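Trainee: This is the structure, below, for whatever I ask next.
The values are calculated or read from the model by the stated rules, or taken from the named source; none is laboratory data. Bear in mind that the values here come from a model prediction, so they are computed numbers and not experimental data. Cβ atoms come from the backbone with ideal geometry, glycine included; neighbour counts cover every protein chain shown.
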Amino acid sequence: MIRLLVMDVDGTLTDGRILIGPDGEALKAFDAKDGYGIKHLLPDSGIEPMIITGRRSRILERRARELGITALHQGVHDKLPLLNRLLRERGLAPDETAYIGDDLNDLEAMRAVGVAGCPADAVRGVIDIADHVCIHEGGRGAVREFIEYLIARNDGLQCAK
């Protein structure tokens, strides 16, 4: 049963494009359907949301607050050691964890969890190892689709008991 969903940001929660404003601030677009899934579907399902991302941005901090994500880890280039530490701290097993990412820096973390997902436009190496390849692209509903997949999967496991 999945109890934690770890999400990458650029290329997963966003379409991967980074717009630079006149003051140098990075601007990103987030999908409202992904946001609804994170804010409303995950809490009811008992799955905790977490973000681990390589970049830092104030807009992401704001979006995470809006969605009720308290586990936000930015500027993480080697994601697996942090993921392993956070799982230990929470008393979670890797098979209770899902991860959605889109690029090579997500591969190690994806291999270490129970269920790995990726957007349709992820890089080939990520698609090759994903348990669920979304039909939606990053920043265009892939996270919502993966959330619905995880909830259905958890429900199926509950029914089998």
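Trainee: Filter region 105-161 for residues that are small (Gly, Ala, Ser) and in contact with a Cys (Cβ under 7 Å, 6 or more places away or on another chain) and give the result. Break it down into steps so the answer makes sense when it comes.
Mentor: Let us first name the residues in region 105-161 that are small (Gly, Ala, Ser), namely 109, 112, 114, 116-117, 120, 122, 125, 130, 138-139, 141-142, 152, 156, 160.
Matches in region 105-161: Gly117, Ala120, Ala130, Ala142.
Trainee: Does region 71-80 contain any residue that is over 13 Å from the mean Cα position of the chain (by Cα) and hydrophobic (A, V, I, L, M, F, W, C)?
Mentor: For region 71-80, residues over 13 Å from the mean Cα position of the chain (by Cα) and hydrophobic (A, V, I, L, M, F, W, C): present.
Trainee: Here's another thing I want to ask about it. I need the full set of residues from region 118-140 which are of a type in the set (Gly, Ala, Ser) and either closer than 16 Å to Thr14 by Cβ or in contact (Cβ under 8 Å) with a residue 60 or more places away in the chain (or both), in order please. Even if it seems obvious, please write down each step before you answer.
Mentor: Filtering region 118-140 for residues of a type in the set (Gly, Ala, Ser) gives 120, 122, 125, 130, 138-139.
Ala120, Ala122, Gly138, Gly139 - these are the residues of region 118-140 that are of a type in the set (Gly, Ala, Ser) and either closer than 16 Å to Thr14 by Cβ or in contact (Cβ under 8 Å) with a residue 60 or more places away in the chain (or both).
Trainee: Given the residues Val143, Val76, Val126, which is the only one that is part of a helix (DSSP H, G or I), modelled with pLDDT of 95 or more, touching a Ser or Thr at 6+ places or on another chain (Cβ under 9 Å) and β-branched (Val, Ile, Thr)? Talk me through it step by step, then tell me what you get.
Mentor: Working: Val76 fails: part of a helix (DSSP H, G or I); Val126 fails: touching a Ser or Thr at 6+ places or on another chain (Cβ under 9 Å).
Exactly one of Val143, Val76, Val126 is part of a helix (DSSP H, G or I), modelled with pLDDT of 95 or more, touching a Ser or Thr at 6+ places or on another chain (Cβ under 9 Å) and β-branched (Val, Ile, Thr), namely Val143.
Trainee: Among the residues of region 97-133, count how many are over 26 Å from Gly46 (Cα atoms) and surrounded by 24 or more Cβ atoms within 10 Å (Cβ to Cβ).
Mentor: 2
Trainee: Find the residue count for region 2-26, including only residues that are modelled with pLDDT of 95 or more, touching a helix residue (DSSP H, G or I) at 6+ places or on another chain (Cβ under 8 Å) and assigned to a loop (DSSP other than H, G, I, E, B).
Mentor: So the count comes out to 6.
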